[in-house]
Amino acid sequence: MHSTTVLVAAFAAAAYATPMGSGSWGSSSTGYESATWTTTTTSSYASGTGSWGSGSGSYSSSTSASVVPNPSPSSGVVAELLTADSTVSRFKDIQKEIDAGDVNLKFDFNIAANPPPAMPGKGGQVDLANRANFPILTDLGISAAAIFFNPCGLNTPHIHPRASEFLTLATDNNLLTGFVLENGLTTEFNTTLTKFQGTVFPMGSIHFQQNLDCTPAVAIAGLNSEDPGASSIAQNFFALDSEVIDATLGFPKQIDGSNFAAFKKAIPPPLVNGIEECLIRCNISY
Ligand SMILES: *[C@@H]1O[C@H](CO)[C@@H](O)[C@H](O)[C@H]1NC(C)=O
């Protein structure tokens, strides 16, 4: 059941409100697990003790051997699509690009199909389909992400400057999520998702997701911009001038000129290992 098919299934579930195949949702005694998904499962990721991406015991090699990298559109393609006179002429261009193998109609979220992040985090990986790497999104105002969490993996607090996000957990896990809206309402909104449950993060809100389990988790998110962007709060705050940071923080005794660089350097790239309670419970060194 745990397989790349789960991702496909999550999209299918989002796209079609009606049952698929011969199975059924909800209260029927014919559970969808046996009736629908398992029949389409072709490959599975190893049982729950490994991790996604760059962690130990990576799953990336256990996904189907047919995973090929998503094509990188050649330069100028998106610019051309952005200036098309009409949607019809834009899609005629897209058709030509598809025929040339420059653009795909399908985006592959498998880790192996996506370039590794410049600074890989220990907690997992986010694969985002946006206008730049999936140009068919041009002018459609939508994008999507798959988030692969290692055991305990934390997608650290960040904002999307141009999109709200609807995130759904696709695997059998517990995923703690939370957001702070903006000045004027800074109490944290939080909830814990289980399999096939989703929640929303309003545009510009500071939000995070924390896998509470000792097994990997996968979430799928839709964002209402083809170029949602992301800004990691801690990482980017400490990219500012140190004098400004020091003053903003009220000149804390713990950070000053002598250790500021070391403090800044110690901030890991997202996704990070996870909260301490989880790491201890799952016996993960940090
Ligand atoms: C959830 O939010 C409340 C405030 O609304 C906060 O007190 C609590 O610590 C949060 N819980 C978690 C687990 O983040």
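The values are calculated or read from the model by the stated rules, or taken from the named source; none is laboratory data. Just so you know, these numbers come straight off a predicted model, no measurement behind them. Reconstructed Cβ throughout: ideal geometry from the backbone, glycine too, with neighbour counts over all protein chains shown. Only protein heavy atoms, including side chains, enter the accessible area calculation; ligands, DNA and RNA are left aside. Shrake-Rupley method; radii C 1.70, N 1.55, O 1.52, S 1.80 Å.
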3J(HN,Hα) from dihedral phi, the stretch 245-262, Karplus parametrisation 6.51/-1.76/1.60, rounded to Hz, x for glycine, proline: 4, 4, 5, 4, 7, x, 6, x, 5, 6, 10, 8, x, 6, 10, 4, 4, 5
The stretch 222-284, accessible surface, carbon-and-sulfur percent (1.4 angstrom probe): 58
For the stretch 155-286: rounded, prolate or oblate by the Cα gyration tensor [a/c cutoff 1.5]: oblate
Cβ-based charge dipole, the stretch 74-177, positive-most Cα from ALA170, SER89, ASN104: ALA170
Sorted peptide list for 205-218, 255-268, 100-113, criterion being average Cβ within 10 angstrom, highest first: 205-218, 100-113, 255-268
The stretch 178-226 shape via C-alpha gyration tensor axes, a/c threshold 1.5: oblate
Cα gyration tensor shape for the stretch 147-200, rounded if a/c is under 1.5, else prolate or oblate: prolate
Per residue value of the accessible surface for the stretch 198-286 (all protein chains in place, 1.4 Å probe), Å²: 54
Virtual spin-label span in nm between VAL200 and ASN183, 7 Å along Cα→Cβ: 2.5
